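The values are calculated or read from the model by the stated rules, or taken from the named source; none is laboratory data. All of these numbers come straight from a predicted model, not from anything done at the bench. No Cβ is skipped: glycine too gets one built from the backbone with ideal geometry, and neighbour counts run over all protein chains shown. The area values use the complete protein model at the heavy-atom level, side chains included, leaving out ligands, DNA and RNA. Shrake-Rupley method; radii C 1.70, N 1.55, O 1.52, S 1.80 Å.
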Amino acid sequence: MDQRVLVVGENRLSNEALQFALSAKGFNVTLENNNFSKVQSHIRKTDPDYVIWDNSIVGFDFNRILSISKSFLSSGNSIVILNSQMLHYMAEGLMNGIYGFIHIKSSISELNHCLNTLEEGVIYISKFLIGDQHGFSGRELPFSRNNRFTPRELEILRYIKLKKSSREIANILNISIRTVQNIRQNLCNKLGLSGRGALYRYSILYFNSNMPDKEQAFTL
């Protein structure tokens with residue numbers, strides 16, 4: 001396997017256990033504390049396949065994590081470990097290229113599944129974070145490392161999140177309803193979404209600072 005994983009955080013004992021468990025599965029694991037300069041230097045030098053940020057450092061300075069993830073890592077290469085009071089970090093993380101979300105109670109097997117899921121280019125959210133028996137690791141909301149929304153697509157996605165119809169969006173933006181419908185279809189094609197309400201559920205996950213309930217967010 002020989003995939004390089006950097007684990008960052010203050011909980012040394014917990015992270016050493018994580019290092020041992022991942023190493024046993026064939027990962028090459030390195031530990032760093034919350035010195036962001038050292039973390040950036042390590043990433044530049046070793047180009048790890050994944051960086052795992054434990055909950056202690058997520059609560060310490062999440063903005064720095066977002067900045068490092070955007071500047072030095074490819075989308076989907078960061079995983080954050082959260083507790084149940086940190087759900088608001090998920091939507092912001094998704095908007096900034098973080099696509100792995102693990103609960104502090106998750107097993108090493110679930111973390112390994114998360115790594116495998118990200119390798120396939122799919123979002124992973126732990127079952128403990130969404131109150132679901134199985135978690136979220138399917139292709140309901142796939143992402144592409146090359147996906148980029150145009151300003152107009154983002155504008156329309158925001159109105160979709162506000163439950164505006166195509167006709168209402170057309171009136172607000174002073175464009176034709178056909179243009180709105182075409183952009184909605186282009187968004188669905190770009191994201192690999194299908195089914196009634198799929199784009200609305202995606203917009204909720206993309207923009208909201210608080211996660212919606214599992215039925216709204218994850219059932220397409």
I need the strands (runs of 3 or more DSSP E) fully contained in segment 6-89, keeping only those with at least 3 residues that are under 24 Å from PHE128 (Cβ atoms) and under 15 Å from the mean Cα position of the chain (by Cα).
50-53, 78-82
Of everything in segment 44-71, what is charged (D, E, K, R) and open to solvent by 40 Å² or more (accessible area, probe 1.4 Å)? Give them in sequence order.
ARG44, LYS45, ASP47, ASP49, ASP61, ARG64, LYS70
Scanning for something of a type outside the set (Ser, Thr, Tyr), surrounded by 15 or more Cβ atoms within 10 Å (Cβ to Cβ), modelled with pLDDT under 85 and under 26 Å from LYS70 (Cα atoms), does segment 97-120 turn up at least one residue?
yes
Note on segment 90-117: residues farther than 12 Å from PHE128 by Cβ and β-branched (Val, Ile, Thr) are ILE98, ILE108, THR117
If you go through SER41, SER23, SER37, SER74, the only one that is among the hydroxyl-bearing types (Ser, Thr, Tyr), open to solvent by 60 Å² or more (accessible area, probe 1.4 Å) and over 29 Å from TYR206 (Cβ atoms) is SER37
At pLDDT below 85 and among the acidic types (Asp, Glu) - does that describe any residue in segment 86-94?
yes
With the requirement that a residue be β-branched (Val, Ile, Thr) and closer than 19 Å to ARG12 by Cα, what does segment 49-73 give you?
VAL51, ILE52, ILE57, VAL58, ILE65
Take LEU199 and decide whether it is at pLDDT below 85, in a helix (DSSP H, G or I) and touching a Cys at 6+ places or on another chain (Cβ under 9 Å).
yes
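Any residue that is aliphatic (A, V, I, L, M) and out of contact with any strand residue (DSSP E or B) (no Cβ under 7 Å at 6 or more places or on another chain) - is there at least one of those in segment 46-63? Show your work before the answer.
First, the residues of segment 46-63 that are aliphatic (A, V, I, L, M): 51-52, 57-58.
Subsequent filtering for residues that are out of contact with any strand residue (DSSP E or B) (no Cβ under 7 Å at 6 or more places or on another chain) retains none.
Within segment 46-63 (the criterion being aliphatic (A, V, I, L, M) and out of contact with any strand residue (DSSP E or B) (no Cβ under 7 Å at 6 or more places or on another chain)), the answer is no, since none of the residues qualifies.
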State whether one or more residues within segment 146-168 are at pLDDT below 50, open to solvent by 80 Å² or more (accessible area, probe 1.4 Å) and either within 30 Å of GLU119 (Cα to Cα) or of a type in the set (Ser, Thr, Tyr) (or both).
yes
Any residue in segment 125-137 that is surrounded by fewer than 21 Cβ atoms within 10 Å (Cβ to Cβ), within 19 Å of VAL8 (Cβ to Cβ) and at pLDDT below 85?
no
In this structure, does ASN15 turn out to be of a type outside the set (Gly, Ala, Ser), at pLDDT below 90 and either surrounded by 15 or more Cβ atoms within 10 Å (Cβ to Cβ) or within 18 Å of LEU115 (Cα to Cα) (or both)?
yes
